[in-house]
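The values are calculated or read from the model by the stated rules, or taken from the named source; none is laboratory data. What you see is a predicted model; the values in this text were computed from it and never measured. Because the Cβ atoms are built from the backbone with ideal geometry, glycine has one as well, and the counts that use them run over all protein chains shown.
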Amino acid sequence: MFAYGREHFDIRNAEALAVAIEESRPSHVVYSIGVNYLDWLGDLDERHFNRIITVNVWGFVRTLQALREAGCGPCSVVVISSDAAIRPMRTSLAYCASKAALEMAMRVASRELADEGWRINAVAPGKVEGTGMTDYVDIRVLALRD
């Protein structure tokens, strides 16, 4: 199992991800990486939207690809999704869409890799206390309500 925090690499950096996987050779992975920006529909920023999709969805896909390219596997992978995948939340269009896409990506990957012995599942919690994203949301929601 490998545990790399943000200070080690950016999930959008394929080379850094490959190095982390090569160094750790994990058989179990928890994909708990995620970002969010809260904005009303009329204020959505394309750069923020793309970053959310890139980190929350493409990062997961890239992680599976990197694991396979490194010869890891079969692996057990748990994806930290969100109830936002099925529960619409105001000011969270991009985040909700990314978590719905992540859920489907997880399901498709699970079916594709099952015959190779991979186990891929998701856990979809509600609000998780004590994270940077929760702190951001708590502060931002108050500002959006004004």
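Structure data summary
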quantity	calculated
Qualifying residue in the range 59-72 (condition: outside any helix (DSSP H, G or I) and within 18 Å of ASN121 (Cα to Cα))	yes
Selected residue (only one of ARG111, ARG6 is of a type in the set (Lys, Arg) and either touching an Asp or Glu at 6+ places or on another chain (Cβ under 7 Å) or at pLDDT 95 or above (or both))	ARG111
Residue check, ARG62 free of Cβ contacts under 8 Å to residues at least 40 places away in the same chain and basic (Lys, Arg)	no
Some residue of the range 43-50 being closer than 16 Å to ARG119 by Cα and either part of a helix (DSSP H, G or I) or at pLDDT below 95 (or both)	no
VAL137 being surrounded by 17 or more Cβ atoms within 10 Å (Cβ to Cβ), part of a helix (DSSP H, G or I) and modelled with pLDDT under 90	yes
The range 85-125, subset of a type in the set (A, V, I, L, M, F, W, C) and not in a helix (DSSP H, G or I), residue surrounded by the most Cβ atoms within 10 Å (Cβ to Cβ)	ILE120
In the range 76-91, residue modelled with the highest pLDDT [restricted to those that are hydroxyl-bearing (Ser, Thr, Tyr) and either in contact with a strand residue (DSSP E or B) (Cβ under 7 Å, 6 or more places away or on another chain) or within 13 Å of VAL57 (Cβ to Cβ) (or both)]	SER76
Hey, ASN36 touching a residue at least 60 places away in the same chain (Cβ under 8 Å), on the phi < 0 side of the Ramachandran plot and within 14 Å of the chain's Cα centre (by Cα) or not	yes
The range 65-84, subset in contact with a helix residue (DSSP H, G or I) (Cβ under 8 Å, 6 or more places away or on another chain) and β-branched (Val, Ile, Thr), residue surrounded by the fewest Cβ atoms within 10 Å (Cβ to Cβ)	VAL77
